[in-house]
Amino acid sequence: MIEIHNLTKTFGSFKAVDGLNLKVAPGEIFGFLGPNGAGKTTTVKILSGIMRPTSGRVVVAGHDVELEPLAAKRELAYIPDEPFVYPKLTGWEFLRFIGDLYAVPRGEQARRIPELLETFELTEQAGELLESYSHGMKQKLLIASVLLRRPKVVLFDEPTVGLDPKSIRRFKLLLADIAREGAAVFMCTHILDMAEKLCHSVGIIYRGRLVARGTVAEVKKLTTAAGIRSLEDVFLELTE
Ligand SMILES: Nc1ncnc2c1ncn2[C@@H]1O[C@H](COP(=O)(O)OP(=O)(O)O)[C@@H](O)[C@H]1O
Ligand SMILES: [Mg+2]
């Protein structure tokens, strides 16, 4: 569902992403792990089509993102680390706008928007302008908009920053639901505990290169250190 082929992105002489190869299957929740500055955000920006690669290519739901940007964008949802919403729309209006933009039938919108607002405890604020929403509320609204669309590929950049524990719990359950329906989830995070509990597989990126890829259990076996190891131990060993 997601293919990254020999992806390189340079800024001046600096390689932010360096020959990255990676695939994520339908139904897979993939955790893209790495320390600050490793190249995670650059990679998802290229996957989403908002940044061009220096070389290499990315394919989303069978569509080359550079050659068929509209077809790719129809199938993908991207939630950036800084949630962007239109400040002069209300929560309701925003969800209807996204629903219309991605051709979710009006009847389905009428049924599911109230459910989603309820799920994320936004019902009371749904009539208020988004400029009054907190960071966490904006993020929840964006997640609700993704769930409304049911895209084939979901790209999340640090999705749980700003969410309270209850919302994180709901987010996890909903993520598992969309994966069961066949979507591929690509989630950048450095919250290793969350990756360990939620993701089917993980990849560790360090200085633009993939240094590990596999199930959490497989990746944990990658270090030579003795004793019981957590994903955190492996992460720290591979990125130092
Ligand atoms: N637009 C840009 N111009 C110059 N350097 C950038 C730009 N975007 C990212 N970088 C650099 O590329 C590296 C990777 O950044 P990023 O992909 O944001 O890392 P991560 O999301 O893993 O923390 C960092 O060193 C960052 O400073
Ligand atoms: Mg980042």
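Points worth noting:
- Filter pass, LYS88 being surrounded by 15 or more Cβ atoms within 10 Å (Cβ to Cβ) and either in contact with a His (Cβ under 6 Å, 6 or more places away or on another chain) or of a type in the set (D, E, K, R) (or both): no
- Within region 94-120, if we keep just the residues that are in contact (Cβ under 8 Å) with a residue 24 or more places away in the chain and either among the aromatic types (Phe, Trp, Tyr) or in a loop (DSSP other than H, G, I, E, B) (or both), the residue that is surrounded by the fewest Cβ atoms within 10 Å (Cβ to Cβ) turns out to be TYR102.
- The set of residues from region 50-60 being touching a residue at least 24 places away in the same chain (Cβ under 8 Å) and either within 13 Å of ligand 1 (Cβ to nearest atom) or not in a strand (DSSP E or B) (or both) comprises ILE50, MET51, PRO53, THR54.
- Residue ID - nearest to ligand 2 (Cβ to nearest atom), chosen from residues in region 51-71 that are hydrophobic (A, V, I, L, M, F, W, C), within 27 Å of PHE14 (Cβ to Cβ) and in contact with a helix residue (DSSP H, G or I) (Cβ under 9 Å, 6 or more places away or on another chain): MET51
- Restricted to region 12-41, and to residues there that are within 16 Å of ligand 2 (Cβ to nearest atom) and free of Cβ contacts under 8 Å to residues at least 40 places away in the same chain, the residue that is farthest from ILE178 (Cα to Cα) is PHE14.
- Of all residues in region 26-49, those that are within 11 Å of ligand 1 (Cβ to nearest atom) and either part of a loop (DSSP other than H, G, I, E, B) or among the hydrophobic types (A, V, I, L, M, F, W, C) (or both) total 10.
- Some residue of region 2-25 being part of a loop (DSSP other than H, G, I, E, B), away from ligand 1 (no atom under 12 Å from the Cβ) and surrounded by fewer than 17 Cβ atoms within 10 Å (Cβ to Cβ): yes
- From the list TYR102, TYR86, TYR78, the lone residue that is within 30 Å of GLU131 (Cα to Cα), within 16 Å of ligand 1 (Cβ to nearest atom) and aromatic (Phe, Trp, Tyr) is TYR78.
No value in this document is a laboratory result; all are computed from the given coordinates. On a predicted model such as this, the values are computed, not experimentally measured, just so you know. As a convention, Cβ positions derive from the backbone with ideal geometry for all residues, glycine included, and neighbour counts pool all protein chains shown.
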